[in-house]
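Structure record follows, encoded as structure tokens.
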Amino acid sequence: MTPSDSSPRPIIIDTDPGQDDAIAILAALASPELDVVGITAVAGNVPLALTLRNTRMLCELADLPETPVYSGCSRPMVRNLVTAEHVHGKTGLDGPELPEPTMAVQEQHAVDFIITSLLAAGPDGITLCPVGPLTNIAMAMVKQPAIVPHIREIVLMGGAYWEGGNITPTAEFNIYVDPHAAHVVFTSGVPIVAHSLDVTHRALMTKEWIAALADLGTPVGTACAEMVTFYERFDEEKYGTLGGPLHDPNVIAYLLDPTLYDGKDCAVEVEIASEKTMGQTSVDWWGVTKDEPNCRWIREVDAEGFYALLLDRLSRYK
Ligand code: BDR
Ligand code: CA
């Protein structure tokens with residue numbers, strides 16, 4: 001699918017908030033270039049009940065309680081759920097004190113919402129933005145394969161090649177949690193842009209950027225500063241850096257300004273057989289297999305431009 005005009009680009013954000021998911025959602029909701037047709041929650045960083053709660057909390061923080069939010073899959077397709085409270089805290093969104101959400105959850109299941117909205121989409125289709133395990137997306141593809149040509153593109157956060165893994169020595173969290181779903185997605189034929197650890201680890205937060213968020217003096221600015229301060233402590237300790245990566249907002253920043261990024265079209269496969277390397281993304285960067293590329297693997301980012309763009313979007317909340 002290719003775009004036919006400059007109207008806002010319809011996207012579905014599939015997410016497991018997560019403080020970095022939170023910044024991605026808030027940046028997207030503040031961007032007139034994007035039409036967030038729905039947000040689908042999936043189990044990942046914390047169990048589904050919490051990712052759903054956190055998604056609604058963030059829509060209310062944005063003062064957009066009418067945003068359609070859907071509840072998705074509560075566990076991976078084959079394996080048991082693995083969560084990441086050690087990174088995100090026990091709620092998944094530790095840091096700020098936010099009120100319990102009261103906004104509605106849509107009745108339709110997230111998988112059915114993904115299917116019906118894609119089948120009803122205009123000629124340009126819908127861009128899917130998964131920033132958690134790929135369970136909802138893969139389940140939609142399995143349940144209704146006719147959606148595939150209606151997906152304009154999948155721009156996702158997941159995977160690792162040059163950088164190594166963050167949940168096992170070789171696997172990145174989102175792909176590791178549901179490798180079978182990732183396999184379905186990477187073999188679907190849909191054009192994929194992957195923001196893996198290879199790029200997200202090249203754009204670390206700075207204390208100045210977090211201070212600028214706090215200085216916005218708005219509920220969103222304050223909550224975001226508190227969220228990322230809690231969130232980055234884990235990676236700072238682990239990697240011995242002065243700031244942590246902010247993975248998921250790269251997906252939104254890429255949609256807003258792809259010139260911030262560079263990468264290469266590669267054949268990417270997901271390991272689903274070996275327990276040792278389960279969920280590893282095998283990236284044929286040098287084209288040794290001659291397999292047809294199925295993914296644009298992003299490896300370069302203008303870190304300053306990325307954080308300036310995010311600050312600009314988050315500063316639009318009053
Ligand atoms: C990914 O895993 C989650 O913990 C983050 O929200 C991000 O989507 C990074 O590996
Ligand atoms: Ca996430």
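Give, rounded to the nearest 20 debye, the magnitude of the charge dipole that region 141-228 has about its Cα centre when Lys and Arg contribute +1 at Cβ and Asp and Glu contribute -1 at Cβ.
Dipole size: approximately 260 debye.
Subtracting the Cα-Cα distance from 0.36 nm times the residue separation, let me have the gained length for THR187 to LYS238 in nm, one decimal.
15.0 nm
Among ALA24, MET157, SER188, which residue has its Cα furthest toward the positive end of the charge dipole of region 9-314, with +1 on Lys/Arg Cβ and -1 on Asp/Glu Cβ?
Of the options given, the answer is SER188.
May I ask you to give the solvent-accessible area per residue for the chain, in square angstrom, as obtained with a 1.4 angstrom probe?
39
Of GLY38, GLY221, TYR239, which is farthest along the charge dipole of the chain in the positive direction, counting Lys and Arg as +1 and Asp and Glu as -1 at C-beta?
Of the options given, the answer is GLY38.
Magnitude of the Cβ-charge dipole of region 238-318, K/R +1 and D/E -1, about the Cα centre, nearest 20 debye?
360
Which one of ARG53, ARG75, ARG233 has the biggest mean-square fluctuation once the chain is modelled by GNM with Cα springs under 10 Å?
ARG233
For the modelled label position 7 Å from the Cα of ASP262 along Cα-to-Cβ, which residues of region 139-166 have backbone nitrogen atoms closer than 18 Å?
In region 139-166, the label zone of ASP262 (backbone N under 18 Å from the point 7 Å along Cα→Cβ) covers 162.
Remind me, relative contact order of the chain in percent, using alpha carbon pairs under 8 angstrom and six or more residues apart?
Once divided by the residue count of the chain, the mean separation gives 19 percent.
Could you give me the percent of Cα pairs per 10 Å distance bin for the chain, shortest bin first, beginning at zero and ending with the bin that holds the maximum distance?
6, 30, 39, 22, 3, 0
Would you work out the charge dipole size for the chain about its Cα centre, treating the Cβ of every Lys and Arg as +1 and the Cβ of every Asp and Glu as -1, and quote it to the nearest 20 debye?
It comes to approximately 480 debye.
Once the Cβ-Cβ distance between VAL148 and THR116 is put in as r, and R0 is 25 Å, what FRET efficiency do you end up with, to the nearest 0.05?
Efficiency for this residue pair is about 0.95.
Only loop residues by DSSP count here, and only those with at most 11 other Cβ atoms within 10 Å; note down the trypsin sites (Lys or Arg not before Pro) in region 260-313 that meet that.
LYS276, LYS290
How many angstrom lie between the C-alpha centres of region 36-82 and region 87-166?
9
Which length gain, in nm to one decimal place, applies between GLU100 and ARG75 when the Cα-Cα distance is subtracted from 0.36 nm times their residue separation?
In short, 6.6 nm is gained.
Pick from PRO99, PRO258, PRO219: which residue has the top mean-square fluctuation in a GNM of the chain where Cα pairs under 10 Å get a spring?
Of PRO99, PRO258, PRO219, the most mobile in the Gaussian network model is PRO99.
The values are calculated or read from the model by the stated rules, or taken from the named source; none is laboratory data. Remember, predicted model here, so these are calculated numbers, not experimental data. For neighbour counting, all protein chains shown are included, and Cβ atoms are generated from backbone atoms with ideal geometry for every residue, glycine included. In case anyone asks, the SASA skips ligands and DNA or RNA and just uses the protein heavy atoms, side chains included. Shrake-Rupley method; radii C 1.70, N 1.55, O 1.52, S 1.80 Å.
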